[in-house]
Amino acid sequence: MIQTLTSEAAEAVAAAEAAQTVDELDQLERKALGKRGFVAAAKKAIGALPPEERKGVGRAINGAKASVEDAIALRRTTLASAQRALQLEAERMDLTEVPIRPEVGHGHIITQTWEELEDVFVGMGFRIAEGPHIETDWHNFDALNIPPGHPARDGFDTIYVNHGQPGSTLLRTHTSPVQIRTMLDQEPPIYIVAPGRVFRRDTADSTHMPVFHQLEGLVIDRNITLADLAGTIDAFVTAYFGKSFPSRLRPNYFPFTEPSAEYDLRQADGSWMEMAGCGMVHPNVLRAGGIDPDEWSGFAFGFGIDRLAKMKYGVEDLRDMFANDVRFLSQF
Ligand code: PHE
């Protein structure tokens, strides 16, 4: 009987060591050590033995039981830790692809362009001037030789502000009112550029936005001529783009300059791109700014900053610049 017990225990130990899952082990445990297992059967059989053999058999039963229990317990620990390792591996998240530090941002493409333009003009000896977004009708129009009823007013799709007399206050339609503010503020000679945001009642499309940016230039000194205007803009374009372009001054009309022109650049494909409105400051504008047109003369120009950025960076659609999608913005 002891031999049978020993071999049954050895078999159970071997089965425990071979078990592949915790389930398998549970089954084995019930089979070997449960009510119908060999240990229980041997315990029942003990009663039929002669008293002098009972002690030895009893000890053998306990030994067999203990060896099976130990084997099962050991295997259970091994299987449980293997299973845990598997589960951990399956649930593991790969954090190596998540950047540890957030990406460092940078200025918007328009801000960058704006600052580059300021740098170029400051390098050429200009100072930076500013004016308010909300303007008086006088600074935006009258002082620029556009009196009430002048047809040029219709050309600017003006957004009026509900303040004071109806039509007296507006969102500036161009940066040209800064010319007036500067003339009223300082004595000539004047060499300023005024970058800024401007507003027009316009529908957004690939080349227009209702809110956009201009860079105004104003030079007032003695004996300033149209040649100074052309030379200054050419020098600026070469500095900004890093190379010179064929350019032309195409006659145009602005109420605040006389003569007036459009400054165009020839692009790689041979087409001409409008870059700026410009001209010699009209005597009426000098007078509105408190400057004597018999003593002083000057020129003014107005660039579209968004347009310059569009051309420099090859952006197809202006609207992309203001949709604020980081995938677009991070390219610049
Ligand atoms: N203010 C004009 C515009 O917005 C541009 C311009 C500026 C033209 C200065 C001439 C001189 O269209």
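The values are calculated or read from the model by the stated rules, or taken from the named source; none is laboratory data. No experiment lies behind these values; they were computed from the predicted model shown. Every residue, glycine among them, receives a Cβ derived from its backbone with ideal geometry; neighbour counts consider all protein chains shown.
A few points about this structure:
- Residues in region 264-299 that are within 14 Å of the ligand (Cβ to nearest atom) and within 35 Å of the chain's Cα centre (by Cα): 264, 274, 275, 276, 277, 278.
Yes/no per residue for (1) polar (S, T, N, Q); (2) in contact with a Leu (Cβ under 6 Å, 6 or more places away or on another chain); (3) at pLDDT 95 or above:
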site	(1), (2), (3)
203	yes, no, no
219	no, no, yes
236	no, no, no
243	no, no, no
262	no, no, yes
281	no, no, yes
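- Residues (within 52 Å of the chain's Cα centre (by Cα) and surrounded by 17 or more Cβ atoms within 10 Å (Cβ to Cβ)) located in region 47-88: 79
- For region 139-160, a residue qualifies if it is without any contact (Cβ under 8 Å) to a residue 60 or more places away in the chain and either surrounded by 15 or more Cβ atoms within 10 Å (Cβ to Cβ) or within 16 Å of the ligand (Cβ to nearest atom) (or both), and the qualifying residues are 139, 140, 141, 151, 153, 154, 155, 156, 157, 158, 159.
- Those residues of region 185-227 which are closer than 25 Å to residue 123 by Cα, away from the ligand (no atom under 16 Å from the Cβ) and not charged (D, E, K, R), in sequence order: 186, 188, 189, 223, 227
- Test for residue 220: is it touching a residue at least 24 places away in the same chain (Cβ under 8 Å), under 26 Å from residue 280 (Cβ atoms) and in a loop (DSSP other than H, G, I, E, B): no
- Here residue 184 fulfils each of the conditions (1) at pLDDT 95 or above; (2) among the aliphatic types (A, V, I, L, M); (3) surrounded by 14 or more Cβ atoms within 10 Å (Cβ to Cβ); (4) not in a loop (DSSP other than H, G, I, E, B) apart from (3).
- For region 264-288, the set of residues classified as among the small types (Gly, Ala, Ser) and in contact (Cβ under 8 Å) with a residue 24 or more places away in the chain consists of 276, 277, 279, 288, listed by residue number.
- Any hit, region 193-213, residues being β-branched (Val, Ile, Thr) and assigned to a helix (DSSP H, G or I): no
- Every condition in (1) buried (at least 20 other Cβ atoms within 10 Å of the Cβ); (2) more than 25 Å from residue 307 (Cα to Cα) is met by residue 170 except one, and the failing one is (2).
- Single unsatisfied condition, residue 86 versus (1) more than 30 Å from residue 24 (Cβ to Cβ); (2) not assigned by TED's automatic domain parsing to the domain that holds residue 210: (1)
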